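> Have a look at this one.
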Amino acid sequence: MGMPSLPRFLSCGKRKDFSLSNEKDGQAGGSQGSSERGNWSNKSEYLLSMVGYAVGLGNVWRFPYLTYQNGGGAFLIPYTLMLALAGLPLFFLECSLGQFASQGPISVWRVLPLFQGVGVTMVLISTFVAIYYNVIIAYSLYYLFASFQKVLPWSECFSWADESCSKTRLVSGCNTTFGGETIHANYSFVSSHNLTCMNDTISYRPGQFPSQQYWNKVALQRSSGLDETGDIVWYLALCLLLSWVIVGAVLFKGIKSSGKVVYFTAIFPYVILLILLVRGATLEGAREGIEYYIGKQSNITKLMEAEVWKDAATQIFFSLSVAWGGLVALSSYNKFNNNCYSDAIFVCVTNCATSIFAGFAIFSILGHMAFVSERPVSEVVDSGFDLAFVAYPEALSRLPVSPLWSFLFFFMLLLLGLDSQFASIETLTTTLQDIYPQAMKKLRVPITLGVCIVLFLLGLICVTQAGIYWVNLIDHFCAGWGILIAALLEIIGIIYIYGGNRFIEDIEMMIGKKSCSFWLWWRLCWFFITPVLLAAILVWSLATFTSPSYGSLPYPVWGTAVGWCMIIFCVIWIPIVAVVKLMKAEGNLWQRLVSCCRPAPNWGPYLQSNRGERYSHVVDPKKKELEIPTVSAFVCTQH
């Protein structure tokens, strides 16, 4: 519940912000939206953009790998629970919050000025993820271009391969009969003398698929570790540049241009995924892979490990893009009376169904690779990236007309990645638009291109020979604890300080009155289950922290320290913003705290026509300047 009202109170506001629409704006945009700020052209553009944001590369490589790493089908248990108890409640909360106020992830915190740093944290996490996410898109582009060859370059052990490259298991030695005696000889001796190995005496040595060596030796030119940066891999840098050019070209007009592109980028990947699933299911060994995924080979004991539950929670947040700010940004362009409840259900179910669907396609191919190499399914790949850039390329190289299937697969990865990247960059530009509306209105194109250029330059470290280690490091830290912390503080701030009942009344202003039974589940999750679950997972995972690694290669101590520094840089703004706001407020400490825990004077629906009686008191920024949401300009005013 919110704090009791005082006859005279202090509230933190914004010194400068863009203008709320007046009556004229309401007429121009109707009671539903604003022509000044912008709205989705229609409902389908919004839904496809949300699906495209949620359904991304993580559904194809991150979810299957976490399932693979955390006991197979056993992982689906915490994954489903996290969806119902944490993912969906937070998704609905963020969509409702953004749509109600028509504000981006920082400006929307006028609902609770003391917590505005949570919005800053979300934007910074999105920025870090956008940097390495486009690198993965660059990998997809590289493989897409490499597919334009009659023979796929990773289909055989060509000149770049070493002696451990093989499509089958490598025999190191065995017992054989030579000169009337039984001896143990290496395989080269056995084969050169035309001898025969005795049954059950064959020993094997480690081998690597051609696709695995191509990924490490050719595509990445991977160094020995994070300590060895090496040179920039020029063709990956060019692919990274091209990926940013595509993103900038699509977003230069904001949602008006990106909303049209998603009709293709959000739907076409499903067609390709279905084709690949059908083909994967017909490969030899596919059944063993599926059984590891959802069958008898699942390791249920994994559920006793904290890391499994943390992975399930972070994958839900990673996949649904909860606590990244993008949901708030995209929903802020909705019409006021849009049914955000049905949207949240649709997008969440679609996203998680896609992850599970992609898992079947992935594990059928892993089963085939295990069958061919005569290894257990659990030992086929070393990392999540290996699923997308080793497992699939290996299987595709075995199909008739393999270049065509390879092209389609990596084209699908490209579209999945771009969809999510569009929304991530839109989050940043929406934040800038809410802070500097006039500048963005006049300079949207150069500002959008400037954001893309800066992020491209920051991403160059990820296309060096040690680049994959940086990508994995950022993914491990920023897509983990950072979003857990942001999500926990978000739900505490909205439900316990602003007031859960007040927030439900805000939602009912948009979607209409609902019965008590309708809100029973949401109240149970928002008030108790979700915050307790998030806090428990956060504490549990921090207490059982282990240093990150790439496959079997551990990171150096300084690499782990850099990872913690990234997390600290993202979350440090939460206390900094809170302290600055308290210092700028007036009165004693309690009065300052009360003032900054109240909504700002301009909190409420964007248009006057949508405010109704509950928000008829909202201050028009045209008559009163409010605060820019930056650390240097947090100002509190007395009312």
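The values are calculated or read from the model by the stated rules, or taken from the named source; none is laboratory data. All of these numbers come straight from a predicted model, not from anything done at the bench. Cβ atoms come from the backbone with ideal geometry, glycine included; neighbour counts cover every protein chain shown. When the accessible area is computed, the model is the full protein with side chains, heavy atoms only, and any ligands, DNA or RNA have been set aside. Shrake-Rupley method; radii C 1.70, N 1.55, O 1.52, S 1.80 Å.
> Given the criterion within 25 Å of residue 337 (Cα to Cα), out of contact with any Ser or Thr (no Cβ under 6 Å at 6 or more places or on another chain) and open to solvent by less than 50 Å² (accessible area, probe 1.4 Å), identify the matching residue among 493, 450, 467, 459.
493
> Where in the stretch 556-620 are there helices (runs of 4 or more DSSP H), lying fully within it, with 2 or more residues that are under 29 Å from the mean Cα position of the chain (by Cα) and in contact (Cβ under 8 Å) with a residue 24 or more places away in the chain?
On the way: elements: 557-571, 573-584, 589-596.
So the answer is 557-571, 573-584.
> Can you name the residue in the stretch 290-332 that is in a loop (DSSP other than H, G, I, E, B) and of a type in the set (Gly, Ala, Ser) and, of all such residues, is surrounded by the fewest Cβ atoms within 10 Å (Cβ to Cβ)?
Restricting attention to the stretch 290-332, the residues satisfying the condition of being in a loop (DSSP other than H, G, I, E, B) are 295-299, 305, 321-325, 332.
From what's left, of a type in the set (Gly, Ala, Ser): 295, 298, 321, 323, 325, 332.
Values: 295: 14, 298: 20, 321: 28, 323: 31, 325: 32, 332: 27.
Taking the candidates together, the pick is 295.
> Considering (1) touching a residue at least 24 places away in the same chain (Cβ under 8 Å); (2) over 25 Å from the mean Cα position of the chain (by Cα); (3) open to solvent by 10 Å² or more (accessible area, probe 1.4 Å), say which one residue 498 fails and leave the rest.
(3)
> State yes or no: is residue 487 farther than 18 Å from residue 603 by Cβ, touching a Ser or Thr at 6+ places or on another chain (Cβ under 8 Å), in contact (Cβ under 8 Å) with a residue 60 or more places away in the chain and open to solvent by less than 10 Å² (accessible area, probe 1.4 Å)?
Details: farther than 18 Å from residue 603 by Cβ: yes; touching a Ser or Thr at 6+ places or on another chain (Cβ under 8 Å): no; in contact (Cβ under 8 Å) with a residue 60 or more places away in the chain: yes; open to solvent by less than 10 Å² (accessible area, probe 1.4 Å): yes.
No, not satisfied.
> Ok, one more. Report yes if residue 406 is of a type in the set (S, T, N, Q), touching a helix residue (DSSP H, G or I) at 6+ places or on another chain (Cβ under 8 Å), in contact (Cβ under 8 Å) with a residue 60 or more places away in the chain and under 24 Å from residue 269 (Cα atoms), otherwise no. If you could, list the steps in order and put the result at the bottom.
On the way: of a type in the set (S, T, N, Q): yes; touching a helix residue (DSSP H, G or I) at 6+ places or on another chain (Cβ under 8 Å): yes; in contact (Cβ under 8 Å) with a residue 60 or more places away in the chain: yes; under 24 Å from residue 269 (Cα atoms): yes.
When the stated conditions are applied, residue 406 passes them.
Condition check ((1) hydroxyl-bearing (Ser, Thr, Tyr); (2) open to solvent by 10 Å² or more (accessible area, probe 1.4 Å)) across all residues:
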residue	(1), (2)
48	no, yes
55	no, no
68	yes, yes
80	yes, yes
83	no, yes
91	no, no
101	no, no
108	no, no
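> Can you tell me how many residues in the stretch 340-362 are at pLDDT 80 or above and under 21 Å from residue 71 (Cα atoms)?
First, pick out the residues of the stretch 340-362 that are at pLDDT 80 or above: 340-361.
From the residues that got through so far, the ones that are under 21 Å from residue 71 (Cα atoms) too are 352-361.
Within the stretch 340-362, residues that are at pLDDT 80 or above and under 21 Å from residue 71 (Cα atoms) number 10.
> Looking at the stretch 204-229, which of its residues are out of contact with any helix residue (DSSP H, G or I) (no Cβ under 9 Å at 6 or more places or on another chain) and closer than 30 Å to residue 449 by Cβ?
Answer for the stretch 204-229, where residues must be out of contact with any helix residue (DSSP H, G or I) (no Cβ under 9 Å at 6 or more places or on another chain) and closer than 30 Å to residue 449 by Cβ: there is none.
> Of all the strands (runs of 3 or more DSSP E) wholly in the stretch 142-255, which have at least 2 residues that are at negative phi and either open to solvent by less than 40 Å² (accessible area, probe 1.4 Å) or without any contact (Cβ under 8 Å) to a residue 24 or more places away in the chain (or both)? Before you say what the answer is, go through the steps one by one.
Details: elements: 170-178, 181-186, 203-205.
Once the strands (runs of 3 or more DSSP E) in the stretch 142-255 are filtered for at least 2 residues that are at negative phi and either open to solvent by less than 40 Å² (accessible area, probe 1.4 Å) or without any contact (Cβ under 8 Å) to a residue 24 or more places away in the chain (or both), what remains is 170-178, 181-186.
> Another one. Within the stretch 555-605, how many residues turn out to be open to solvent by 70 Å² or more (accessible area, probe 1.4 Å) and among the aromatic types (Phe, Trp, Tyr)?
Number of matching residues: 4.
> Have a look at 84, 101 and point out the one that is free of Cβ contacts under 8 Å to residues at least 24 places away in the same chain and out of contact with any Lys or Arg (no Cβ under 6 Å at 6 or more places or on another chain). First the steps, then the outcome.
Working: 101 fails: free of Cβ contacts under 8 Å to residues at least 24 places away in the same chain.
Only one candidate passes the filter, namely 84.
> Would you point out which residue out of 547, 541, 552 is out of contact with any strand residue (DSSP E or B) (no Cβ under 8 Å at 6 or more places or on another chain) and surrounded by fewer than 13 Cβ atoms within 10 Å (Cβ to Cβ)? Explain how you work it out, then say what you get.
Working: 547 fails: out of contact with any strand residue (DSSP E or B) (no Cβ under 8 Å at 6 or more places or on another chain); 541 fails: surrounded by fewer than 13 Cβ atoms within 10 Å (Cβ to Cβ).
So the residue among 547, 541, 552 that is out of contact with any strand residue (DSSP E or B) (no Cβ under 8 Å at 6 or more places or on another chain) and surrounded by fewer than 13 Cβ atoms within 10 Å (Cβ to Cβ) is 552.
> Being farther than 27 Å from residue 222 by Cα and in contact with a Cys (Cβ under 6 Å, 6 or more places away or on another chain) is the filter here, so list the residues in the stretch 161-175 that pass it.
Step one: filter the stretch 161-175 for residues farther than 27 Å from residue 222 by Cα, giving 173-175.
The answer is 174, and nothing else.
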